[in-house]
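Step one of this worksheet: look at the structure below.
The values are calculated or read from the model by the stated rules, or taken from the named source; none is laboratory data. Computed from a prediction, not measured in an experiment: that's the story for all the values here. Here the Cβ is made from the backbone with ideal geometry for all residues, glycine too, and neighbour counts use every protein chain on show.
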Amino acid sequence: MPILQEISILLVEDEKDLKQLFLWDFEKFKVKIETAETYQEAKMLLQTEVFNAIISDIKLPDGTGVDLFRYIVDEQIKIPKKYFMTAFTSDELDLEGLRVDRLFKKPLKTKEVVEYVANELGLDLV
């Protein structure tokens, strides 16, 4: 298992513009961001990297964020903070047993999400 040496976040988002906004907003913090646009890309990163947090869209081109979080639980991958972004309501989602820390509702302001996650992880400004 890889050793975690810095704060690392996995961002799973297939909308390129939204992903770029997140990357810009995270630039002011001391954090490593890995990105994936699909379920399979995220799964591969989870097999080789260690993350302090994951921020994932629910709807992905080749699966769902729910499936990804189920994979994390089933494989007992330790990620202290898990967040979803979605336009769905929580009533429309089966999140039982996924230990989701927060559901961010779309449309969202990336800056607010980034500041919330940074606060939760105790990130320092660059």
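Among the residues of region 88-113, write down those that are among the basic types (Lys, Arg), modelled with pLDDT of 85 or more and either in contact with a Phe, Trp or Tyr (Cβ under 6 Å, 6 or more places away or on another chain) or not in a helix (DSSP H, G or I) (or both).
Across region 88-113, the qualifying residues are ARG102, LYS105, LYS106, LYS109.
Would you be able to say whether some residue in region 69-87 is closer than 18 Å to LEU21 by Cβ, at pLDDT below 90 and either in contact with a Cys (Cβ under 6 Å, 6 or more places away or on another chain) or crowded, with 20+ Cβ neighbours inside 10 Å (or both)?
Checked region 69-87: at least one residue is closer than 18 Å to LEU21 by Cβ, at pLDDT below 90 and either in contact with a Cys (Cβ under 6 Å, 6 or more places away or on another chain) or crowded, with 20+ Cβ neighbours inside 10 Å (or both).
Those residues that are within 12 Å of the chain's Cα centre (by Cα) and under 17 Å from LYS16 (Cβ atoms), I need them from region 40-59; list them, please.
ALA42, ILE55, SER56, ASP57
Mind listing whichever residues of region 35-80 are part of a strand (DSSP E or B) and either within 13 Å of VAL100 (Cα to Cα) or aromatic (Phe, Trp, Tyr) (or both)?
Those that are part of a strand (DSSP E or B) and either within 13 Å of VAL100 (Cα to Cα) or aromatic (Phe, Trp, Tyr) (or both): ALA53, ILE54, ILE55, SER56, ASP57.
Scan PHE29, PHE22, PHE51 and give me the residue that is at pLDDT below 95, closer than 23 Å to LYS106 by Cβ and surrounded by 16 or more Cβ atoms within 10 Å (Cβ to Cβ).
Going through PHE29, PHE22, PHE51 in turn, the sole match is PHE29.
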